[in-house]
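Have a look at the structure below before the remarks.
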Amino acid sequence: MGTLASTESVSDLRELADPEFFVRWADVRNRLALTRTGSIERAEAKRRYEDVAAEYQRRVETRR
């Protein structure tokens, strides 16, 4: 699995099974951690991370 593509939407994240979702989240988290602060790539990586984190929160709330 690759990182969250810029064309991939939040609704695409919802279609992933939990194992695939967690692999995607790890990829995005690692990309954010390894991207230089202040770069254009960092802003995109942060936006992707926020999308994945929001999907995680949605999954947790629906299981309560």
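Remarks
- The helix-only estimate of mean residue ellipticity at 222 nm for the chain, built from DSSP H runs of length n ≥ 4 each weighted as -39500 (n - 2.57), is -23000 deg cm²/dmol after division by the residue total.
- In the chain, the ratio of gyration radius to Kirkwood radius, Rg to Rh, stands at 0.98 when only Cα atoms are counted.
- Stretch gain in nm, segment Asp27-Arg14, where the contour uses 0.36 nm per residue and the Cα spacing is subtracted: 3.1 nm
- In the context of the full set of protein chains, segment 22-64 has a per residue accessible area of 73 Å² (1.4 Å probe).
The values are calculated or read from the model by the stated rules, or taken from the named source; none is laboratory data. Predicted, not measured: the structure shown is a model, and the values here were computed from it. Each accessible area value is taken on the protein alone, full model and side chains, heavy atoms only, with ligands, DNA and RNA left out. Shrake-Rupley method; radii C 1.70, N 1.55, O 1.52, S 1.80 Å.
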